[in-house]
1. For segment 177-191, what are the residues that are part of a helix (DSSP H, G or I) and in contact with a Phe, Trp or Tyr (Cβ under 9 Å, 6 or more places away or on another chain)?
2. How do the helices (runs of 4 or more DSSP H) wholly within segment 290-362 filter down when requiring 1 or more residues that are out of contact with any His (no Cβ under 9 Å at 6 or more places or on another chain) and among the acidic types (Asp, Glu): which remain?
3. Residues in segment 154-176 that are open to solvent by 40 Å² or more (accessible area, probe 1.4 Å) and under 17 Å from Val144 (Cβ atoms): how many?
4. Across segment 400-426, what is the total count of residues that are over 16 Å from Gln369 (Cβ atoms) and either surrounded by 12 or more Cβ atoms within 10 Å (Cβ to Cβ) or in contact with a Ser or Thr (Cβ under 9 Å, 6 or more places away or on another chain) (or both)?
5. Being surrounded by fewer than 16 Cβ atoms within 10 Å (Cβ to Cβ), more than 25 Å from the chain's Cα centre (by Cα) and charged (D, E, K, R) is the filter here; which residues of segment 286-342 pass it?
6. Before we move on, is Ile357 among the hydrophobic types (A, V, I, L, M, F, W, C), touching a Lys or Arg at 6+ places or on another chain (Cβ under 8 Å), open to solvent by less than 50 Å² (accessible area, probe 1.4 Å) and more than 30 Å from Arg217 (Cα to Cα)?
7. Exactly one condition in (1) under 17 Å from Asp200 (Cα atoms); (2) touching a His at 6+ places or on another chain (Cβ under 7 Å); (3) polar (S, T, N, Q) is not met by Gln185; state its number.
8. Quickly run through segment 196-215 and pick out the residues that are closer than 25 Å to Ile150 by Cβ and either modelled with pLDDT of 85 or more or of a type in the set (Lys, Arg) (or both).
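The values are calculated or read from the model by the stated rules, or taken from the named source; none is laboratory data. What you see is a predicted model, and the numbers here were worked out from it, not measured in a lab. All Cβ positions, glycine included, derive from the backbone under ideal geometry; neighbour counts span all protein chains shown. With ligands, DNA and RNA removed, areas are computed over all heavy atoms of the protein, side chains included. Shrake-Rupley method; radii C 1.70, N 1.55, O 1.52, S 1.80 Å.
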Amino acid sequence: MTRAKPEDDEYWNSSKFKAFTFDDEDDEFSQVKSKRAVNSILVDDDDEDEEDVERVSWSGEPVGSISWSVKETASSIRSGSEQSFPKIDTTPSLSKQGSGYSLSSLFKGNLQILLQAFSLEKFCSLQDKLLLLDEAVAVYDGNVITAVLIFLKKSLSKEILFRELMARDVALRHYVHYLKEMGEQKLVVELLKALGRTEDMALMHYKEHLNIKDESRRRDFLKSCLSLPFSQDDATHVQDHYTLLERQIIIEASDKKAVAEIFKKFPRKASILNMPIITTLYYSCFYHYGESEGTFSSPSNIRKTFRISEKQYILTALGARAKLKSWFDVDSLFNTKNWLGYTKKRSPIGFHRVVDILHKNSAPVQVLQEYVNLIDDPDLKLSGALKYKCHDIVINTYRDLKDRQQLIVYREKLERDSPEYRKIQELLNNVQIRWKN
């Protein structure tokens with residue numbers, strides 16, 4: 001079979017019907033066959049920064065800005081052993097020179113004329129039709145290949161066409177792409193089944209949930225997908241999708257009738273249905289924080305059910321509780337006890353990032369100062385203190401560094417007779433400090 005060369009890519013890209021490849025990540029079918037098909041339901045694909053919790057909000061848009069901690073892997077069509085079908089002799093029964101309908105002359109002219117099947121009716125035998133297909137591939141023109149495939153689809157049985165396409169990768173990809181463009185999903189599934197690609201067939205079937213608008217029917221459809229032959233990873237994600245929607249339906253029904261004070265103070269602007277998992281967790285941390293793990297809407301229950309990492313959970317909960325100015329809850333996220341029973345603050349995300357999130361949510365200076373003080377790196381601590389005007393930390397840092405000049409510079413930025421101004425003045429007058437400059 002004649003294959004396209006890399007330097008001939010311009011032929012494919014310039015055609016109306018571009019060459020279809022199973023490996024093309026931009027192609028919708030590739031997304032269906034890969035883990036992304038499932039993961040995109042749970043995670044917003046547009047977001048690559050899984051740590052920017054401040055993008056998660058409940059503003060009425062299906063956000064889900066923090067990516068769930070699921071590593072997306074590029075999958076490719078599994079290459080199994082070739083199925084043994086009787087080979088068809090494609091030796092031309094009509095000489096291209098001797099016949100009055102060479103490909104070069106046949107494919108000249110308007111595409112609309114080309115797509116009419118009668119123009120290819122002269123190719124009657126199976127050998128001639130397969131030769132026509134092979135020569136169409138050799139032309140490197142997606143329009144030509146698609147036109148021939150339309151003709152073969154009308155003139156050959158499915159079984160024969162599928163069998164011959166198995167040995168012709170380029171034609172197969174074009175055919176799958178054409179069927180998808182025409183909305184013939186069932187025929188695509190049949191083709192994948194004939195190719196022995198049961199996992200791809202399962203994912204193609206799973207994709208049909210996108211056409212179901214009613215959430216209860218969509219939930220039932222997803223439940224029916226659980227028994228399909230997915231790969232182990234995809235099976236886990238489909239199970240999570242079903243579980244998530246099932247839980248959202250329960251939470252939505254309950255919260256529609258909720259009379260708790262928080263729903264009056266912060267009315268919901270959108271339904272929780274079909275939201276990504278991290279948006280669902282954010283919603284739970286916002287409206288249902290403190291509920292026991294036994295309830296479906298509890299943040300701890302959602303975290304456990306969907307195996308959300310500590311880092312991801314802290315980021316999401318921090319954003320939600322800081323938005324509500326619940327500084328006590330913020331503290332409780334980081335409080336841990338050592339073996340002696342002493343309480344200590346610990347963060348899996350770095351306290352410099354905690355400070356950034358708190359500042360974005362208008363935390364008071366006292367709260368900011370407490371967390372700036374917890375930053376381990378001296379440079380980051382000083383940078384944060386300067387940025388967020390934590391005067392005491394800046395002054396104490398310059399004092400510890402014995403940097404008289406920086407203290408003088410910083411003093412000029414403060415109001416005269418303010419407590420911080422007087423503190424710097426007292427330090428500068430202290431003869432016991434051995435300044436470096």
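1. If the condition is that a residue be part of a helix (DSSP H, G or I) and in contact with a Phe, Trp or Tyr (Cβ under 9 Å, 6 or more places away or on another chain), then His177, Tyr178, Lys180, Glu181, Val188, Glu190, Leu191 are the ones that fit.
2. 310-323, 327-334, 351-360
3. 4
4. Residues flagged as over 16 Å from Gln369 (Cβ atoms) and either surrounded by 12 or more Cβ atoms within 10 Å (Cβ to Cβ) or in contact with a Ser or Thr (Cβ under 9 Å, 6 or more places away or on another chain) (or both) within segment 400-426 amount to 13.
5. Glu291, Glu293, Lys325, Asp331, Lys337
6. no
7. (2)
8. Arg197, Lys207
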